[in-house]
Each structure stands twice: as structure tokens, then as C-alpha cells.
Amino acid sequence: MAEAKPQNVSVSPTRTELIWAGKYDAQGRRVGPLRVALPFQTVETVNESAQERQLLLLREAGGEYSAKEWRNRLIWGDKKYVLPSLLPEFAGKVNLIYIDPPFDTGADFSFTATVPDHPDTPEDDSFSFTKEPSIIEHKAYRDTWGRGLDSYLQWFYETVVLLHELLHETGSIYVHLDWHVGHYAKCVLDEVFGGDHFQNEICWKRATSGSAKARAKRFGADHDVIYLYRKGETCVFNQIYVPYPEDEIKKRFRNRDSRGYYKDAELGTYSAETLERLKAEGRLIVTEGGKLRYKIYLDEIKGVLVDSVWTDIPIVNSQAEERVNYATQKPEALLERIIKASSNPGDLVLDCFVGSGTTAAVAEKLGRRRPRTTRSASPRNRASSSTRPTATPGAAAWIPTSSGSTKPPSCSTNCSTKPAASTSIWTGTSSIT
């Protein structure tokens with residue numbers, strides 16, 4: 001009887017990955033995002049005289065204007081086409097991306113807008129109207145959520161792939177989610193950016209724990225998660241500090257002299273020069289045991305270093321000045337912390353799920369440029385803040401110049417001012433994608 005010989009078995013390398021229907025085609029190939037770069041056509045220019053417009057057309061005809069001067073544009077279109085169309089100009093140039101992607105929103109994409117009363121007429125001319133979802137929006141909803149989680153994950157993957165390509169090598173992306181899909185989305189982010197490029201899971205306590213009924217059988221769902229990834233081996237990161245709590249100040253800074261409250265710390269290794277400087281400044285303390293300590297004044301400290309659990313930023317309540325009645329509006333303080341931490345003045349900041357427009361508003365206040373993307377051609381009113389762009393429930397990108405403007409182009413009748421001509425680029429979409 002012949003002896004059975006062991007067979008050499010070739011084992012293909014494997015990896016752990018999240019699989020969903022539609023991730024691979026029938027041939028086992030990965031299904032990626034659509035890559036069709038469409039040209040942009042100028043339809044309207046805000047606050048530009050006829051003479052300036054004619055001069056601009058002449059310059060553009062000669063192909064000189066875009067080469068010499070940055071120009072912002074408002075681009076309406078489906079995000080499926082808008083994002084790949086931005087790649088030729090902005091691939092590898094965006095320094096910071098923050099997204100708050102929708103999930104489990106339902107099929108209602110209608111919204112109500114109010115036209116305010118005219119101040120120069122005695123009667124009340126104000127009125128409201130409701131914009132119902134279009135056929136395109138209904139179709140886009142089916143494309144994104146029609147197969148439930150499977151279609152959502154494919155849509156999310158395709159979006160993240162394009163954002164990865166737009167991101168600068170030292171750039172970062174913050175992805176804001178909640179308990180519905182956050183754990184699935186992190187697997188996709190690990191696949192696109194690499195698990196070793198995961199920086200933080202930030203927990204933002206956004207609300208109180210809810211009613212007693214809601215907490216009867218489980219803990220209250222009162223926080224969101226924000227996943228932070230870097231693209232390359234290094235990334236921009238600026239440490240963020242918050243003021244010391246009052247009780248902490250009273251506990252630590254109990255001593256006071258003519259300059260103010262201070263605490264003392266042990267003076268470790270020091271040079272003769274340092275010792276003389278501390279003496280001259282009146283900071284040196286010699287204990288009864290002969291040890292050297294020095295004074296640290298309250299007005300000199302940066303505060304408490306922020307960690308990954310954020311409990312100090314409340315949601316936008318009904319009385320907040322920044323409130324614009326957008327259901328998922330994020331507070332400016334939240335975006336201020338993110339933008340300050342992962343970008344510097346003049347950097348390019350992108351939010352491709354604009355929502356209420358908070359990212360664009362804060363980015364401008366902090367001196368950043370901002371590609372801004374939203375998913376609908378229906379702007380919402382941001383009358384409560386003169387520096388806010390109009391919020392949109394849909395997909396666009398706004399890339400303003402460093403010269404800045406008080407406000408991006410807006411369809412809102414409540415806006416009191418408009419930006420200077422040619423000071424913003426928006427890319428948008430007329431459908432929910």
C-alpha cells in the first residue's frame with residue numbers, strides 16, 4: 001500500500017475586514033467610488049459689478065486669471081461627482097477634514113424656510129414655505145440607505161476613499177458618529193487609513209442622560225464618538241488647554257503675593273543663571289529644610305490639557321445665540337477645538353456634510369480656508385449669526401480665500417450682508433447622496 005505523502009499547501013495571506021453586500025463585484029473585485037471629473041461652469045457671481053465681470057471673462061478666456069489669483073466658487077451637483085471633480089485641483093492639499101455623516105435619517109428631506117417682514121412696510125409681509133423632497137432626493141435616499149446597512153457602508157467607504165485622496169500627507173480627519181453605526185464605520189476607516197494611523201476615539205458628552213423611562217432598562221445614551229485618523233506618519237497636532245476649574249484653582253493656588261495667586265513646585269536641575277533669574281523675579285522659595293522651590297503664577301499657566309473625553313462643551317440649546325433650528329446642529333465650541341487642534345491659520349479645512357454650516361463659520365473666524373461640501377441645493381437660514389454660512393441638508397464644498405468674507409454666498413433672505421465678489425468656492429449637490 002502506497003504511503004500517503006504530505007501535500008504542500010499554499011496559504012494566501014489573509015486580513016480581518018468587514019464584509020457587506022456590494023463590497024465586491026461578481027468577479028471578486030473591490031467596488032470603488034465613481035471617478036468622473038466634470039468641468040465646473042460659472043452661473044452666478046455674488047457682489048460683482050458688470051465691469052468686473054467683463055474683465056474677469058476676458059482674463060478667464062486667456063487662461064490667466066486662475067493661474068494668478070485664487071478664486072472661490074459655488075458648485076452645485078451630486079457629491080458623487082463633485083468630490084472626484086475636486087481631486088485634480090485639491091488632491092493632497094486639504095489639511096483637516098471634519099465630517100458628521102448622516103445615518104438613520106428617514107426619508108423626510110423637506111424643510112421650512114421663513115421670509116422675514118420688510119422693515120419699511122407697515123404690514124407684516126413675513127411668510128413661510130416648505131420645500132418638499134424632490135424625486136432626485138428620494139432616489140438618492142434609496143441609493144444610500146435603500147439596502148440598509150449594506151448600502152450605507154458602501155456609500156461611506158466610497159466617500160472616505162475620496163477624502164483620503166484629498167487629505168494632505170500631514171493632515172487629519174475627524175469622523176463624528178453615534179452608536180448607530182460608529183463601530184461599523186471604524187472598521188471602514190481602519191481599512192482606508194490603516195489601523196496604525198488611528199489617533200483617538202473622542203467621546204463627546206452631548207446631552208443629559210434622558211428621562212427616567214429611557215434609562216429604566218439601560219444606561220442613558222448621552223454621548224457621540226469622534227474618530228481621529230492621520231493620513232501619513234506624522235500630522236499637525238496642537239495641544240489644547242481649558243481653564244482650571246474654580247475648585248482646582250482654590251486647592252492648588254492658595255498662596256498670594258503682590259503679583260497674584262501662585263503655587264510652588266520643586267526646582268530640579270538648574271543652572272546658576274536660572275537661579276539668579278528666579279531670585280531677581282522674586283520667584284525663588286527656600287524651605288526650612290533648605291530645599292529650593294519656585295513660584296508658578298495662576299496667570300502664567302495654560303490650564304488643563306484636554307484629553308479624549310469632552311464633557312465641557314454643551315449642545316446648542318433652544319436659547320443659544322448660535323442656534324439656527326437645525327436638528328443636528330453642532331456647537332461652535334466643538335469645531336473650534338477640533339480646528340485649533342489639527343490645523344494652523346491659512347490651512348485648508350473641509351466638511352463634506354455641512355449640516356448647519358458650523359465648520360465653515362468657525363473655520364473662517366479662525367483664519368482657515370475651507371472646502372465645504374453639503375448634500376442638497378436647498379440652503380437653510382442662518383440669520384442668527386452674521387458669520388455663519390447658510391446651512392444645507394445636502395453636499396457641497398466651499399473653499400474661500402485667505403482674504404475672507406463675513407459670509408459665504410447665501411440664498412437666505414435674512415442675511416444682512418453678502419461677501420465680496422469672488423470670495424468663496426462652494427461645491428454642492430442637488431440630491432441627498
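The values are calculated or read from the model by the stated rules, or taken from the named source; none is laboratory data. Predicted model only: the values in this text are computed from it and were never measured. Every residue, glycine as well, gets a Cβ built from its backbone with ideal geometry; the counts of neighbours run over all protein chains shown. What goes into the accessible areas is simple: the full protein's heavy atoms, side chains included, and nothing from ligands, DNA or RNA. Shrake-Rupley method; radii C 1.70, N 1.55, O 1.52, S 1.80 Å.
If I filter region 302-319 for residues that are farther than 30 Å from Asp222 by Cβ and either among the basic types (Lys, Arg) or in a strand (DSSP E or B) (or both), do I get at least one hit?
Residues of region 302-319 that are farther than 30 Å from Asp222 by Cβ, as a first pass: none.
For region 302-319, residues farther than 30 Å from Asp222 by Cβ and either among the basic types (Lys, Arg) or in a strand (DSSP E or B) (or both): absent.
Can you pull out every residue in region 287-314 that is surrounded by 11 or more Cβ atoms within 10 Å (Cβ to Cβ) and over 24 Å from the mean Cα position of the chain (by Cα)?
Leu292, Arg293, Tyr294, Lys295, Ile296, Tyr297, Leu298, Ile301, Lys302, Gly303
Select from region 272-290 the residues that are at pLDDT 90 or above and in a loop (DSSP other than H, G, I, E, B) and write down the one among them that is nearest to Leu305 (Cα to Cα).
Among them, the one singled out is Arg283.
Can you pull out every residue in region 248-265 that is closer than 26 Å to Leu305 by Cβ, out of contact with any Leu (no Cβ under 8 Å at 6 or more places or on another chain) and either open to solvent by 100 Å² or more (accessible area, probe 1.4 Å) or in a loop (DSSP other than H, G, I, E, B) (or both)?
Of everything in region 248-265, those that are closer than 26 Å to Leu305 by Cβ, out of contact with any Leu (no Cβ under 8 Å at 6 or more places or on another chain) and either open to solvent by 100 Å² or more (accessible area, probe 1.4 Å) or in a loop (DSSP other than H, G, I, E, B) (or both) turn out to be Lys250, Lys251, Arg252, Arg254, Arg256, Arg259.
Quick check on my filter: what residues within region 178-193 are open to solvent by 10 Å² or more (accessible area, probe 1.4 Å), out of contact with any His (no Cβ under 6 Å at 6 or more places or on another chain) and either of a type in the set (A, V, I, L, M) or assigned to a loop (DSSP other than H, G, I, E, B) (or both)?
Asp178, Trp179, His180
Return the pairs, sorted by first residue and then second, in which the second residue is exposed (fewer than 14 other Cβ atoms within 10 Å of the Cβ) and among the small types (Gly, Ala, Ser), the first residue lies in region 295-308 and is farther than 13 Å from Arg337 by Cβ, the beta carbons are less than 9 Å apart, and the residues are 6+ apart or on different chains.
Within 9 Å, the pairs are Lys295/Ala265; Lys295/Gly282; Ile296/Ala265; Tyr297/Gly260; Leu298/Gly260; Asp299/Gly260.
Given the condition open to solvent by less than 50 Å² (accessible area, probe 1.4 Å), in contact with an Asp or Glu (Cβ under 9 Å, 6 or more places away or on another chain) and either closer than 18 Å to Tyr98 by Cα or modelled with pLDDT of 95 or more (or both), answer yes or no: does some residue in region 145-155 qualify?
For region 145-155, residues open to solvent by less than 50 Å² (accessible area, probe 1.4 Å), in contact with an Asp or Glu (Cβ under 9 Å, 6 or more places away or on another chain) and either closer than 18 Å to Tyr98 by Cα or modelled with pLDDT of 95 or more (or both): present.
If you go through region 167-185, how many residues are of a type in the set (Phe, Trp, Tyr) and over 16 Å from the mean Cα position of the chain (by Cα)? Write out each step before concluding.
Quick first cut of region 167-185, residues of a type in the set (Phe, Trp, Tyr) only: 174, 179, 184.
Narrowing the set further to residues that are over 16 Å from the mean Cα position of the chain (by Cα) leaves 179, 184.
Final tally of qualifying residues: 2.
Spot the failing condition for Ala207; the list is (1) part of a loop (DSSP other than H, G, I, E, B); (2) loosely packed, with under 10 Cβ neighbours inside 10 Å; (3) not basic (Lys, Arg), and only one is missed.
(2)
Any idea how many residues of region 232-280 are touching a residue at least 40 places away in the same chain (Cβ under 8 Å), more than 30 Å from Gly194 (Cα to Cα) and of a type in the set (Val, Ile, Thr)?
Count: 2.
Residue check: is Pro88 at pLDDT below 90 and either at negative phi or open to solvent by 70 Å² or more (accessible area, probe 1.4 Å) (or both)? Show your work before the answer.
On the way: at pLDDT below 90: no; either at negative phi or open to solvent by 70 Å² or more (accessible area, probe 1.4 Å) (or both): yes.
Answer is no for this residue.
Where the second residue is modelled with pLDDT under 95 and open to solvent by 50 Å² or more (accessible area, probe 1.4 Å) and the first is at positive phi and lies in region 169-197, which pairs have Cβ atoms under 7 Å and are six or more apart or on separate chains?
The qualifying pairs do not exist here.
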